[in-house]
Amino acid sequence: MIKNPVRKEQFVKWVLVAFALSSLLFLFLIFMFILFEGLPLFHKVGLKNIIMGSKWAPTKGFFGIYPMIVSSFFVTFGALFIGAPMGLSCAIYLSEYSGKRMKMFLKPALELLAGIPSVVYGFLGVIYIVPLIRNYIGGSGFSLLATSIILGIMILPTIISISFDSLVSVPKTYREGSFAMGATKWQTIYKVVLPAARSGILASFILGMGRAIGETMAVIMIAGNALRIPTSILDPLRTLTGNIALELAYATGDHRLGLFSTGVVLLIIIMILNYIANFGIKRKM
């Protein structure tokens, strides 16, 4: 037992510091593991041949992941195109228009939406979204459009939660000053509140992009997994995450190293997006 209060405080402090640093340690170990496994192929094949290569055939010595990089960004921006307006609109309603009872109902519902497993979203996409696209728009249904719709729904909790916090954090004096100048409620929201919360809203969009580009199971189920760059919203595609998940179970040798190289590229993209989002949040604060 530690009887000295000062020593006890120091002991608790260093225990908490150790737990805090452990998360950074895990992140560092994961990054180093993926980097250690993926770099040998970059050295052997060449960075340009992997990043800009258009053909993925590991058993024949082709490790190009450019179509998957492009497809990942297409899906991500498609999800953002669908999810960002919906999420921001919901956040505005929650922060500016909804009453206390409605807010108490909607907030837990949004948190529940965030807890639904991705495989459930994928299942709903296969059962409902894919047939609707196939029957009323065209194509096989397993497409960029279907994937963007599902991911757009999946990123809603992230966008709504962070945007809501940003809007609520805008001082009430901003609104009161706008009302005093004769502005309507919507004019106040559009001209005053949204610009004041701009950095936080942008951060929510970027974190939503990170969520979308890192999604795997739902994407595998509805994307179609075609190894080419989609030229239409009705074309199938394969993302970086889908490529890893589909082939890692049976990959060996250079094929396995190629999947780890894919993971390195994906990890760097997500880290860049998170850094940009954190920078935006710090600017807001």
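Values quoted throughout were computed directly from the atomic coordinates according to the rules given, and no laboratory measurement underlies them. Predicted model only: the values in this text are computed from it and were never measured. Because the Cβ atoms are built from the backbone with ideal geometry, glycine has one as well, and the counts that use them run over all protein chains shown.
Odds and ends about this structure:
- Two numbers describe the Cα atoms of the chain: Rg and Dmax, which are 22.8, 74 Å.
- Exposed trypsin sites (Lys or Arg not before Pro) absent: longest stretch of the chain, with sites in DSSP loops and at most 16 other Cβ within 10 Å deemed exposed: 56-227
- Structure-based [θ]222 nm, the chain - -39500 (n - 2.57) summed over DSSP H runs of at least 4, per residue, nearest 500: -23000 deg cm²/dmol
- Sequence-separation-based contact order of the chain, relative, with Cα cut under 8 Å and 6+ spacing, percent: 27 percent
- Computed over the range 208-248: relative contact order in percent, which uses C-alpha pairs under 8 Å that are six or more apart: 40 percent
- Net charge, Tyr93 excluded, C-beta distance under 15 Å - Lys, Arg +1, Asp, Glu -1: +3
- Rg of the Cα atoms in the range 161-269, relative to 2.2 N^0.38 Å, amounts to 1.67.
- Most positive-pole-ward Cα, Tyr97, Ala84, Ile137, against dipole of the range 60-284 from beta carbon charges: Tyr97
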